[in-house]
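Notes for the one structure printed next.
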Amino acid sequence: MGGWRMKRKTSRLPAALRGLSLAHRVKFRTMARAYGISDPGGIEVLVSGLVSLDEAVRCEAQIEADGRLQTDRFGQLKAHPLLPVARDARAAWQSALRGLNLDIGTPPKVGRPGGS
């Protein structure tokens, strides 16, 4: 019997998203829909930002497991080596949001405080 089979609708995810966590793949779909990001450049910026966010989350989980401070070979306490990696990955995520012109918070006030 030549059965009729309905094709499953597949959405084309950028290849870089395939290595991301499920939560960040869902975030990609949600943000792309909510902000109407459909152009190739915008998708690339969003994907790049989510890759950075995923890296930050993984680093932060490892830091949480190991502790923020570690003892070096001389017995001195020092910061976990992944702290700057996590910080830079978060900064890259925020940079991607700014690159997409998305509001990520209130910018700091610049200049002298108002006096009386």
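General remarks:
- Of all residues in region 13-72, those satisfying the criterion of being closer than 18 Å to R90 by Cα and among the hydroxyl-bearing types (S, T, Y) are S21, S48, S52.
- Of all the residues in region 10-27, those that are in a helix (DSSP H, G or I) and either surrounded by 10 or more Cβ atoms within 10 Å (Cβ to Cβ) or at pLDDT 90 or above (or both) number 9.
- D72 on the phi < 0 side of the Ramachandran plot and modelled with pLDDT under 95: yes
- Among (1) of a type in the set (G, A, S); (2) in contact with a helix residue (DSSP H, G or I) (Cβ under 8 Å, 6 or more places away or on another chain); (3) loosely packed, with under 11 Cβ neighbours inside 10 Å - the single one G41 does not satisfy: (2)
- Put simply, of L100, L77 the only residue that is surrounded by 12 or more Cβ atoms within 10 Å (Cβ to Cβ) and at pLDDT 90 or above is L100.
- Verdict on L50 being in contact with a Lys or Arg (Cβ under 8 Å, 6 or more places away or on another chain) and either surrounded by 16 or more Cβ atoms within 10 Å (Cβ to Cβ) or in a strand (DSSP E or B) (or both): yes
- Boolean, T30 is among the hydroxyl-bearing types (S, T, Y), modelled with pLDDT under 95 and part of a helix (DSSP H, G or I): yes
The values are calculated or read from the model by the stated rules, or taken from the named source; none is laboratory data. None of these values were measured; they are calculated from a predicted model. Neighbour counts are summed over all protein chains in view; Cβ atoms, including those assigned to glycine, are modelled from backbone coordinates with ideal geometry.
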